[in-house]
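Report on the structure given below.
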Amino acid sequence: MFIDQVNIEVVAGNGGKGMVAFRREKYVPKGGPAGGNGGKGGSVIFKGSLNKTTLLDLKYNKIIKADSGENGKAKNMFGKDALDVIIEVPLGTVVRDLDSGEVIADITKDGEEVVIARGGKGGRGNAAFATSKNPAPKIFEAGERGETKNISLELKLLADAGLVGLPNVGKSTIISALSKAKPKIADYPFTTLIPNLGAVEAKDGRSFVLADLPGLIEGASLGAGLGHDFLRHIERCRIIVYVLDIDPVDKSDPYENYLLIKKELAEYNPELVTRPEVIVANKMDLPNANKNLLKLKMKLGDDVIGISAYQAENLDALVYRIADLLETVPLKEEALEEVVEYTFKKEEKPYTITLLEDGTYEVKGKLIEKYIDSTNFQNDESVKVLAYRLKRLGIEDELKKLGATPEDTIIIEGIVFELQ
Ligand SMILES: Nc1nc2c(ncn2[C@@H]2O[C@H](COP(=O)(O)OP(=O)(O)OP(=O)(O)O)[C@@H](O)[C@H]2O)c(=O)[nH]1
Ligand SMILES: [Mg+2]
C-alpha cells in the first residue's frame with residue numbers, strides 16, 4: 001500500500017517538576033535548600049530518510065508521544081531529561097499544522113531533523129531560588145508543558161531526477177545499479193508499486209537523488225494500470241529520465257514507446273514534458289540492441305544514451321549526463337515556495353483580557369498559563385511570586401483601567417482572583 005497522506009497528533013513530554021528539599025546535616029538544625037531541577041520533556045522530531053518511501057508506518061500511529069522529564073530530587077539532584085522521539089519520514093514530506101493551516105516543515109534532505117513538538121523545560125527546584133534575603137525558599141516551578149499539535153503529513157516525493165518508462169524496461173535495475181536502493185526486480189510488469197529513492201554519487205563527487213517510479217502504460221493519466229497517483233510525484237523531479245527497452249520482447253518500437261510515455265505525461269500535466277530530459281536506451285546487451293539504437297538515434301538525436309543496467313555498462317556516462325544536466329536546472333519553484341523556516345512565534349501580547357457577559361473579567365495567555373502551572377498554591381511564597389509576576393505584566397493596572405473593582409470576579413487562566 002502506498003500511503004502519502006496521514007493526519008496525526010504529536011504530543012511532546014512535559015518538563016519535570018522542580019523539587020523542594022533541604023539539606024540534612026548532623027548538628028546543623030536547618031540545612032540550606034537542596035531541591036534539584038526537573039528534567040526536560042522529550043520532543044517529537046521528524047527526520048528525513050532516504051530509506052523511507054511512504055508514510056505507511058504512521059498510518060496506524062494516530063498519536064506520537066514523547067515522555068515527560070523526571071522530577072527534580074533532593075540533594076540537588078536534577079531529574080533526568082526524557083528521550084526525544086525521532087520518527088523517520090520520506091524526503092518530500094510536507095508537515096502542516098491542521099489548526100493554523102500553516103506549513104511547519106518541508107523535509108527534503110537525508111538526515112535533516114525538524115522539531116515538530118517541543119518538549120517542556122524542567123522546572124527549577126528550590127535550590128535555584130535561594131537569595132541572601134531568602135536563604136531557605138520553599139518555592140519550586142512545575143515543568144513547562146510540552147507542545148501538542150494536530151498535524152497532517154503529505155508526501156510529495158522529492159527527487160532531482162525521475163526514472164519514467166513502461167513497465168519492465170529496467171528502471172528498478174538502473175536505480176539498484178546506481179545507488180544503495182534495493183527495490184524488487186522481476187520479469188513481469190508492475191513489479192514496482194511504490195516509488196523508490198536512491199542517492200547516486202558520481203565518481204567526481206557530485207551527487208543527486210534519483211527516483212524509480214512505477215511503470216506507466218497507455219491510459220495511465222485516465223487511471224489505467226497503477227493510474228496517475230504517481231504522476232504527481234514526477235512533478236517534484238527536476239529532470240525526467242525516460243527509460244526505453246531497446247529490444248522489447250513484444251517487438252514494439254522504442255521510439256513509439258517514448259512518444260506514448262510522453263503523451264501520458266502531457267495529458268496529466270503538459271508542463272512535465274517541457275522539463276529537461278535524458279533518454280536512456282536500456283538492455284544494450286540484447287541481440288537487436290545496436291541496430292535498434294541506430295534507428296532510435298536517427299529520430300531522437302545522438303544524445304540518446306545506450307546502457308545495460310544488467311551488465312553495468314556505460315553507467316558512469318549516464319550518471320555524468322544527469323549530473324551535468326542538473327547543474328543547468330534551478331530547483332523547482334514549487335519546492336522552494338513551500339520551504340518554511342520552522343520558527344517559534346513569540347506571543348504578540350502576553351495576555352488578553354475579556355469582559356464576559358456576566359461581568360466576569362477573563363484573563364488568558366500562554367505566559368500566564370506557564371506562570372500558573374508553576375505555582376504551588378499550597379505554598380504562600382509560591383503564590384507571592386505569582387502575584388508579583390502578574391503585577392509585573394501590568395494585569396492589575398490594565399484591569400483597573402477597564403473599570404474592574406474589588407467586587408468583580410476575575411478569572412485568570414481558570415483560577416479566580418480578587419483585585420486588591
Ligand atoms: N538483458 C537485460 N535485462 C535487463 C536489463 N535491465 C533490466 N533487465 C531485466 O528486465 C526485467 C525488468 O526489470 P525491472 O528493473 O524490474 O524493470 P522496471 O522497469 O522496474 O519494471 P516495473 O517496476 O514493473 O515498471 C528484469 O527481468 C531485469 O532483469 C538489461 O540491461 N539487460
Ligand atoms: Mg520496477
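Worth pointing out:
- Against the conditions (1) touching a Ser or Thr at 6+ places or on another chain (Cβ under 7 Å); (2) modelled with pLDDT under 95, Pro167 satisfies every one except (1).
- Residue in region 379-395 that is farther than 25 Å from Pro135 by Cβ, modelled with pLDDT of 85 or more and part of a helix (DSSP H, G or I) present: yes
Table: residues versus (1) modelled with pLDDT of 95 or more; (2) in a strand (DSSP E or B); (3) surrounded by fewer than 22 Cβ atoms within 10 Å (Cβ to Cβ); (4) hydroxyl-bearing (Ser, Thr, Tyr).
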site: Arg232; (1), (2), (3), (4): no, no, yes, no
site: Val241; (1), (2), (3), (4): yes, yes, no, no
site: Pro248; (1), (2), (3), (4): yes, no, yes, no
site: Leu259; (1), (2), (3), (4): yes, no, yes, no
site: Glu264; (1), (2), (3), (4): no, no, no, no
site: Glu267; (1), (2), (3), (4): no, no, yes, no
site: Glu271; (1), (2), (3), (4): no, no, yes, no
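- Where a residue in region 69-86 is within 10 Å of Gly41 (Cβ to Cβ) and touching a residue at least 12 places away in the same chain (Cβ under 8 Å) and its partner, wherever it lies, is crowded, with 16+ Cβ neighbours inside 10 Å and of a type in the set (Ser, Thr, Tyr), with Cβ under 8 Å and at least six apart: Ala82/Ser68; Asp84/Ser43
- Pairs are defined by a Cβ separation below 7 Å, a sequence spacing of at least 6 or placement on different chains, a first member in region 292-317 that is under 20 Å from Asp187 (Cα atoms) and assigned by TED's automatic domain parsing to the domain that holds Pro276, and a second member that is within 16 Å of ligand 2 (Cβ to nearest atom) and of a type in the set (Gly, Ala, Ser); the pairs so defined are Ala309/Gly170; Ala309/Ala177; Ala312/Ala177.
- Just so you know, in region 181-229 the residues that are at pLDDT 85 or above, assigned to a loop (DSSP other than H, G, I, E, B) and more than 16 Å from ligand 2 (Cβ to nearest atom) include one that is nearest to Tyr258 (Cα to Cα), and it is Ala202.
- The set of residues in region 161-175 being in contact (Cβ under 8 Å) with a residue 60 or more places away in the chain and either near ligand 2 (Cβ under 8 Å from one of its atoms) or outside any strand (DSSP E or B) (or both) consists of Gly165, Leu166, Asn168, Val169, Gly170, Lys171, Thr173, Ile174.
- Pairing residues of region 272-284 that are not assigned by TED's automatic domain parsing to the domain that holds Leu244 with residues that are acidic (Asp, Glu) and within 10 Å of ligand 1 (Cβ to nearest atom), at Cβ distances under 8 Å and at least 6 apart in sequence or on separate chains, gives no pairs at all.
The values are calculated or read from the model by the stated rules, or taken from the named source; none is laboratory data. On a predicted model such as this, the values are computed, not experimentally measured, just so you know. Counting neighbours? That spans all protein chains shown, and the Cβs are built from the backbone with ideal geometry, glycine included.
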